[in-house]
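To start, the structure itself, in structure tokens.
Rule-based calculations on the coordinates, nothing more; no lab input. No experiment lies behind these values; they were computed from the predicted model shown. Every residue, glycine as well, gets a Cβ built from its backbone with ideal geometry; the counts of neighbours run over all protein chains shown.
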Amino acid sequence: MIVCGCGFSGWILGWSIKERPRQLGSLQAALSRLETEVGCSMTYLPEALLELTRLTPSPVDRLFRDAAQLLLQGEISAEQAWGQAIVGARDYMVLTEDDERILLDLGGSLGISHREDQTRHLNLAGERLRQQEEAARVTQAQSARLYNALGWAAGAALVLMLA
């Protein structure tokens, strides 16, 4: 039981390291689509976010769905809805504080500035997320298997110490 529990913990850590670059890539693609919606078709922000929900893979789609639902309730600003959705995403996404900071900074320009300014901010956020994704891929290459192996090794060592 101890070996399996520790091994599973290592596997979870390894999985989160592998999952983060995928989620960051999905976020970049979604922000690029949002940039197109804002810049070209001038879609109402909640509608654009709901469209992203349909086009974005899970679990990233939930971020946009949550933000759209908060906006459709009509009681808070786009920045507040975006911020609440990002805080809620901590439960189902693998983001670092830096990733969240990039997304939160973007929220300050959503829905309140002119089209060109919003597309500039979306483009900048996408670029910053691309840099984060590159760093996450380097970390993945270095650490994912290590955490998995360390989990199993820690479990075996713990069993030997208890025996």
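Charging the Cβ of each Asp and Glu at -1 and of each Lys and Arg at +1, and nothing else, the dipole of the chain about its Cα centre rounds to 640 debye. A helix-only calculation puts the chain at -28000 deg cm²/dmol for mean residue ellipticity at 222 nm, using -39500 (n - 2.57) for each DSSP H run of at least four residues, averaged over all residues. Positive contributions from Lys and Arg (+1) and negative ones from Asp and Glu (-1), summed over other residues with Cβ under 12 Å from the Cβ of V38, come out at -3. Helices meeting the span-like rule in the chain (full DSSP H runs, Cα extent of at least 24 Å along the helix axis, mean Kyte-Doolittle score of -1.0 or higher): 2-36, 115-162. Fully extending the segment from V159 to E79 would add 23.8 nm, taking 0.36 nm per residue of separation and subtracting the current Cα-Cα distance. Computing FRET efficiency as 1/(1 + (r/R0)^6) for R90 and E134, where r is the C-beta to C-beta distance and R0 is 30 Å, gives about 0.85. Of the labelled figures [x] 1.21; [y] 0.98; [z] 1.25, only one reflects Cα Rg over 2.2 N^0.38 Å as derived from the coordinates, namely [z].
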